[in-house]
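Everything on this sheet refers to the single structure shown next.
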Amino acid sequence: MARLTLTLGLDAGGSATKWALCRAGVPVAAGQAPPLTAPLLHTPQGPASLQALQGALPGQPSAVHAGLPGLSRGTAAAEAVADTLAQALGVGRHALSVESDLDLAYRAHLAPGAGVLLYAGTGSVAYHVTRDGQIVRAGGRGFLIGDDGAGFSLGRAALRALTDQLDTGEVPDSPLAREVAAVTGGLDWDTLRAFAYAGPGAGAVARLAPAVGRAADAGDPVAQALLQDAAQALAALARRVQARTAPLPVTATGGALRISPLFTAALGRALPGVSVQQRDHAQAAARYAERHLG
């Protein structure tokens, strides 16, 4: 690939899509676009998210690599997603590749066989890739089934705590209540219902996770308890994978772990020895595109 061409990396998710443009491996631009997952592509939100992504890019990439939730590399579904992305982004199909967001994240942090990746973004999963490429995982089943300990479950837990108060006739007035109301626009049921159910997927409710973190930092005991519970749930996922492999080291990453230092501290207590790392997966995807799609 010529050194002056741009490559695009996408780290898509249920809360936002992070993108990075690189030239010769050096980041030249980065940003966020609306949520994008493989299932969302088949809803009215999908084309709108793609249009917003395309409009946000300051240059035309010559090659693209994307990690998307709800996807497995090499399947018919992955090929269909790749076709859609190539058309939307104006690149040749030969110059675009896709894979699971988990495979992208694992490769950004660990070599095959080296450890367990504990990912907590909108959803949660513990993920190990063996030296011969086999996958051992726990969790990552989507918000309708699991995703405990991550952004969606934290937002849902906050809404449950506040709506439980509403059910008793109380008007919630706490750091957690104020932080949630600042995001939702209010705490009456009509407002909360419109916020939680306005669109498909887990994105809206997951937007409340940072509110939980801010409330915990402000000393809210309910928010702090929610972080403790979430840390225990994440630790349980990692232990399930370790029980099937070996006592491998655990590397934790994902946007949910950025919401408060209290959360990472709670995870350290629940899972002694865990290493919390934050790396730019979109940049890793852009560099992958440069190496493999030129």
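The values are calculated or read from the model by the stated rules, or taken from the named source; none is laboratory data. The structure presented is a predicted model; accordingly, all values stated were derived computationally and were not measured. A quick note on method: Cβ atoms are made from the backbone with ideal geometry, for glycine too, and the neighbour counts reach across all protein chains shown. Calculation scope for accessible area: heavy atoms of the full protein, side chains included, ligands and nucleic acids excluded. Shrake-Rupley method; radii C 1.70, N 1.55, O 1.52, S 1.80 Å.
Keeping to region 176-192, report how many residues are of a type outside the set (Val, Ile, Thr) and either surrounded by fewer than 18 Cβ atoms within 10 Å (Cβ to Cβ) or assigned to a loop (DSSP other than H, G, I, E, B) (or both).
The number of residues fulfilling the criteria is 8.
What are the pairs with Cβ atoms under 9 angstrom where one residue, in region 63-77, is touching a residue at least 24 places away in the same chain (Cβ under 8 Å) and the other, located anywhere, is of a type in the set (Lys, Arg) and surrounded by 15 or more Cβ atoms within 10 Å (Cβ to Cβ)? Sequence gap at least six, or different chains.
From residues that are touching a residue at least 24 places away in the same chain (Cβ under 8 Å), the pairs are HIS65/ARG287.
Could you say whether any residue in region 125-141 is crowded, with 18+ Cβ neighbours inside 10 Å, closer than 20 Å to PRO34 by Cα and in contact with a Gly (Cβ under 8 Å, 6 or more places away or on another chain)?
no
Would you check if there is a residue in region 148-155 being more than 21 Å from VAL276 (Cα to Cα), open to solvent by less than 40 Å² (accessible area, probe 1.4 Å) and either touching a strand residue (DSSP E or B) at 6+ places or on another chain (Cβ under 6 Å) or assigned to a loop (DSSP other than H, G, I, E, B) (or both)?
No: region 148-155 contains no residue that is more than 21 Å from VAL276 (Cα to Cα), open to solvent by less than 40 Å² (accessible area, probe 1.4 Å) and either touching a strand residue (DSSP E or B) at 6+ places or on another chain (Cβ under 6 Å) or assigned to a loop (DSSP other than H, G, I, E, B) (or both).
Inspect all residues belonging to region 225-232 and state whether any of them is free of Cβ contacts under 8 Å to residues at least 40 places away in the same chain and closer than 25 Å to PRO39 by Cα.
no
Of the residues that make up region 226-234, is at least one farther than 30 Å from ALA114 by Cβ and at pLDDT 95 or above?
yes
Considering region 111-123 alone, what residues qualify as being in contact with a strand residue (DSSP E or B) (Cβ under 6 Å, 6 or more places away or on another chain) and open to solvent by 30 Å² or more (accessible area, probe 1.4 Å)?
PRO112, TYR119, listed by residue number.
ASP173 passes all but one of (1) part of a helix (DSSP H, G or I); (2) free of Cβ contacts under 8 Å to residues at least 40 places away in the same chain; (3) not β-branched (Val, Ile, Thr); which number fails?
It fails just one condition, (1).
Looking at GLY31, GLY13, GLY90, which one is loosely packed, with under 15 Cβ neighbours inside 10 Å and not hydroxyl-bearing (Ser, Thr, Tyr)?
GLY90
Does GLY55 satisfy the condition of being open to solvent by less than 40 Å² (accessible area, probe 1.4 Å) and either acidic (Asp, Glu) or over 16 Å from LEU104 (Cβ atoms) (or both)?
In short, no.
Assuming ALA105 fulfils every condition listed in (1) under 22 Å from ILE259 (Cβ atoms); (2) in contact (Cβ under 8 Å) with a residue 40 or more places away in the chain; (3) out of contact with any strand residue (DSSP E or B) (no Cβ under 7 Å at 6 or more places or on another chain) apart from one, which condition is it?
Among (1) under 22 Å from ILE259 (Cβ atoms); (2) in contact (Cβ under 8 Å) with a residue 40 or more places away in the chain; (3) out of contact with any strand residue (DSSP E or B) (no Cβ under 7 Å at 6 or more places or on another chain), the lone unmet condition for ALA105 is (3).
For a quick check of your reading of the model, give me the residue pairs whose first member lies in region 261-272 and is outside any helix (DSSP H, G or I), whose second is modelled with pLDDT under 95, with beta-carbon atoms closer than 9 Å and at least 6 apart or on different chains.
none
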